Amino acid sequence: MEPIAERGYTHWEGTLGTGRRPWRVIAGQAVRLAWKRRFFKPLFFFSLLPAVVFSGGIYISERLGDFQEMLKGADKFLTINPDYFQAYYGSSFLFFMMLMIMVGGGAGLIADDLRHNALPLYFSRPLRQRDYIGGKGAALAFFLLLLTLAPGIVFLLLKLIFSGSAKILSDFPWLPFSFLAWSVFVSAFFSLFTLLLSSLGRNRRFASILILAAYFLSDVFFGIFYAIFREPAFCLVSLQRNLRQASASFLGAKPPMEVPGIYSILILAAIMAAAVLVLRRKIRGTEVIR
Amino acid sequence: MNIELRDVRFSYGPIRALDGVTLQIGEGACGLLGPNGAGKSTLLKVLLGFLRPEAGEGLVLGHDIRKDSFGLRRVVGYMPEDDCFIPGLDAVSFTANFGELSGMPRAEAMKRAHDVLYYVGLGESRYRLLETYSAGMKQRLKLAQALVHDPKILFLDEPTANLDPQGRSEILELISDITSKKDLHVLISSHILTDIEQTCSALVILNKGRVAAQGDLASLREVRFSLYEMKVKGEKGSFLEGLRRGGCRIEETEDGLLKAYLPEEMSRRDVFRLAAAAGVQVRHFVKSRTSLEDLFARTVGVD
């Protein structure tokens, strides 16, 4: 290490800005940190696989004659309507991959800061609590929107290009807004759900286990209750089922279970509200034990 | 005045951490001294706006601690007591991020991060991951992030905690260099008396959440008591008893040297008068410089 204070302390000539948005700095840092993690990139690109498959489906749907031999009657699945998009947005695989991205890139977002006492450093700057939470959430939402909103836009563009007409938009004019609304809703849900569980401990692994356990155990409970009582309303205890019900409602498709989709939307919204309340209590410049 | 507080109170539940703190801190380096649990860290957190005082008011460089915490945090650099870092980052990204969060443009923050990292002695290791840093390097890193936005005042909470003697002396050297700048003021919270003695010209002593003493270090030494060293011949029992009755603290070394801490109300003449009355000869009588340790012990009432 070189000798200290060799040059003496020098002042900075500039002026500190007041109109900057600190959440952007926090979001940028969190995105870069997640991207640098060892398995994150392969995981993320693997998550885009269904989007590639569904894009292929859109192409084939416009060339059914050419693929008749290959499809052998399966072409009924290639009718491009809200149910087709619901098959993408409501697929268990997509939810699972979103969850894995949250575990890989989001579990440590707050837990690491708590473990390494970084919060006082953040809050000794001109920073609001909502800047911190918003920045961390925006980083997660960025990855999730790349899995939801970006493919939705690509699907629509491909359909318009391959069909050569705007029929899809005249038949289902709400579709672009549904894509946008659902993408924002599901991204906000997963981001807040992850931040909530990340803030409950000081250990990234503990947060990862909590995220996976909350998601899968709720589905196991649904499976048990549904097997015993055969009552579809038990889907409301499962995060995954609620997400599927809600996605169908947003896209104007038929929900998988015979329960109004609005119930699932309300449950997911309640979880988001609870997450915001807990985060507001947990995220402070200093820990106050009274 | 850089910092002015009036009757600031703060409690952690039933425990009163700050009990009517009123103080004025001027320019230069000021030490915030007190035993563990005296309220030093709490006071720094109140000054930064992390904790909202239950009562009282305060200004830091003209910024109200209750109403203008944003303005205040632009001019303050804070070095916390605990190890603080963000795993996965190198020192340049870490320091530049906090510069940006303070309001610096990204490119400027990056440039300044390099400068301050060189200044604190981390230039060679600035691209290493922070989790690989030693305790001394983490301490320097905390100082770098506190300096990156060129604050007007630095709050340093136990800056030499967990450091070996070499690391401690290097950090103190840095702090002394910083305080040599007339326009950068430093408030150092510590319970290590020699650190304060080495770097500060003013002092606030906190004890049980109250200000026990404050002011210029040199005058505090003078005002509170005077230390004399003396050697006496004869039966000194009644002489020492007389001194103690007058409020004087006496320490005797192995070689028979007496150290007498005279209270403000007792003069040198009183000492000789008591000696004459007890029939002892004063053979050696020298005014000695009181150490901060003496001042501290007297102020907070410990040996």
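Summary table
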quantity	calculated
Filtered residue count, the stretch B:112-135, keeping only those that are within 15 Å of B:Phe94 (Cβ to Cβ) and either among the charged types (D, E, K, R) or in a loop (DSSP other than H, G, I, E, B) (or both)	11
Only listed residue being more than 17 Å from the chain's Cα centre (by Cα), over 30 Å from B:Gly49 (Cα atoms) and part of a helix (DSSP H, G or I), chosen from A:Leu243, A:Leu268, A:Leu236, A:Leu279	A:Leu236
Among (1) within 11 Å of chain A (Cβ to nearest Cβ); (2) of a type in the set (A, V, I, L, M); (3) at positive phi - the single one B:Leu61 does not satisfy	(1)
Residues that are outside any helix (DSSP H, G or I) and surrounded by fewer than 19 Cβ atoms within 10 Å (Cβ to Cβ), drawn from the stretch A:189-233	A:Leu200, A:Gly201, A:Arg202, A:Asn203, A:Arg230, A:Glu231
Selected residue [crowded, with 19+ Cβ neighbours inside 10 Å and of a type in the set (Lys, Arg)] from B:Arg66, B:Arg52, B:Arg106, B:Arg73	B:Arg73
Matching entry among A:Glu6, A:Glu69 (being away from every other protein chain (no Cβ under 14 Å) and either modelled with pLDDT under 85 or in contact with a His (Cβ under 9 Å, 6 or more places away or on another chain) (or both))	A:Glu69
Residue selected from the stretch B:90-113 under the condition of a type in the set (A, V, I, L, M, F, W, C) and more than 7 Å from chain A (Cβ to nearest Cβ), by the criterion farthest from B:Leu51 (Cα to Cα)	B:Ala107
Subset tally (residues that are surrounded by fewer than 18 Cβ atoms within 10 Å (Cβ to Cβ) and of a type in the set (D, E, K, R)) for the stretch B:12-49	3
Every residue from the stretch B:154-189 that is hydroxyl-bearing (Ser, Thr, Tyr), within 11 Å of chain A (Cβ to nearest Cβ) and within 25 Å of A:Arg125 (Cβ to Cβ)	B:Thr179
Within the stretch B:67-89, considering residues that are under 23 Å from the mean Cα position of the chain (by Cα) and among the β-branched types (Val, Ile, Thr), the one farthest from the other protein chains (Cβ to nearest Cβ)	B:Val75
Qualifying positions in the stretch A:92-118 - of a type in the set (A, V, I, L, M, F, W, C) and within 12 Å of chain B (Cβ to nearest Cβ)	A:Leu109, A:Ile110, A:Ala111, A:Leu114, A:Ala118
Residues within the stretch A:119-132 that are surrounded by fewer than 20 Cβ atoms within 10 Å (Cβ to Cβ) and either more than 12 Å from chain B (Cβ to nearest Cβ) or hydrophobic (A, V, I, L, M, F, W, C) (or both), tallied	1
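Yes/no per residue for (1) free of Cβ contacts under 8 Å to residues at least 40 places away in the same chain; (2) within 16 Å of A:Phe44 (Cβ to Cβ):
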| site | (1), (2) |
| --- | --- |
| A:Leu114 | no, no |
| A:Asp131 | no, no |
| A:Gly152 | no, no |
| A:Leu157 | yes, no |
| A:Ala166 | yes, no |
| A:Val186 | no, no |
| A:Phe190 | no, yes |
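The values are calculated or read from the model by the stated rules, or taken from the named source; none is laboratory data. These numbers come from a predicted model, not from an experiment. As a convention, Cβ positions derive from the backbone with ideal geometry for all residues, glycine included, and neighbour counts pool all protein chains shown.
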